[in-house]
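Quick notes on the structure that follows.
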Amino acid sequence: MAVSVRQMSADDAQAFLEVHRAAVHGIAAHDYPPAVISAWAPLPIGDELIQDVRANRDDESRLVAEIGGQIVGIGSLVAKNAEVRACYVVRTASRKGVGSTLLREIERVATELGLSSLQLDSSITAEPFYAANGYEVRERGEHILGSGVPMACVKMYKTIGS
Ligand SMILES: CC(C)(COP(=O)(O)OP(=O)(O)OC[C@H]1O[C@@H](n2cnc3c(N)ncnc32)[C@H](O)[C@@H]1OP(=O)(O)O)[C@@H](O)C(=O)NCCC(=O)NCCS
């Protein structure tokens, strides 16, 4: 079935978090210790987390990808930092081009906003995915999660819109 991408609405906040949790616990958990996984994607998803997503403090441009009306992927751009903040796909929909479709749309929006490059902190898990989509490694290091827990990451970048 075809993948479609649209802007996330306030009503999608719970689904947005569910896809994030499913991708981290279902895919990235192979590459990180349990303490990192639970700090990266805390469960359960309660009202406070949903309100936090809706508050959108970093002014993210958020997208959801659907297959057959089901949200199976999420993506986000923080334009002020020229940053791809998120790209997550549930395991049952992985390797079908959902993540790449989200990334292409993020890049289209970024180009429209006048950005000429994008940067991101990739998980170890997602490095081959971003590499397949033209992102290059700047350095390997640590990303500090909101809770203060460090996780191994790969800092990557791509020139866009040329
Ligand atoms: C990384 C992620 C977003 C990829 O989503 P996806 O929809 O499966 O990716 P795509 O189908 O568009 O993959 C495109 C290409 O990327 C590469 N790729 C994707 N996942 C890969 C993997 N696990 N191992 C190796 N290459 C991979 C492949 O070249 C793939 O093309 P192919 O399937 O024809 O071989 C998804 O696996 C995910 O959510 N992972 C866990 C969470 C995470 O770490 N997210 C990133 C946070 S920074």
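Things to note:
- For region 3-115, the solvent-accessible area with a 1.4 angstrom probe is 51 square angstrom per residue.
- Helix-only mean residue ellipticity at 222 nm for the chain, each DSSP H run of n ≥ 4 adding -39500 (n - 2.57), per residue, nearest 500: -9500 deg cm²/dmol
- Of the trypsin sites (Lys or Arg not before Pro) found in region 88-151, those that fall in a DSSP loop while having at most 14 other beta-carbon atoms within 10 Å are 95.
- Per-residue SASA remark: residue 85, around 80 Å² accessible (1.4 Å probe; ligands, DNA and RNA not included).
- Placed amide H near residue 115: partners under 5 Å, 5+ positions off or other chain: none
- The portion of the accessible surface of the chain made up by carbon and sulfur, rounded to a whole percent, is 49 (1.4 Å probe; DNA, RNA and ligands excluded).
- Remark: region 1-61 projects, on average over all directions, an area of 5.4 nm² (convex hull of Cα atoms).
- Taking all protein chains together, 103, 43 sort by accessible area into 43, 103, largest first [probe 1.4 Å].
- Accessible-area order (highest first, 1.4 angstrom probe) of the listed residues 32, 157: 157, 32
- Residue-level accessible surface for residue 3, protein heavy atoms, 1.4 Å, Å²: 40 Å²
- Full extension of the chain between residue 31 and residue 81 yields a length gain of 15.3 nm, computed as 0.36 nm times the residue separation minus the alpha carbon distance.
- R0 of 35 Å, Cβ-Cβ distance residue 143-residue 2: FRET efficiency to nearest 0.05: 0.60
- Local electrostatic count, residue 85, Cβ distance below 15 Å [Lys/Arg +1, Asp/Glu -1]: -3
- Taking 37 °C and 0.692 mPa s as conditions, region 1-102 diffuses translationally at an estimated 235 µm²/s according to Stokes-Einstein applied to its Kirkwood radius (Cα pairs).
The values are calculated or read from the model by the stated rules, or taken from the named source; none is laboratory data. Remember, predicted model here, so these are calculated numbers, not experimental data. Because the Cβ atoms are built from the backbone with ideal geometry, glycine has one as well, and the counts that use them run over all protein chains shown. Please note that ligands, DNA and RNA were not included when accessible areas were found on the heavy atoms of the full protein model with its side chains. Shrake-Rupley method; radii C 1.70, N 1.55, O 1.52, S 1.80 Å.
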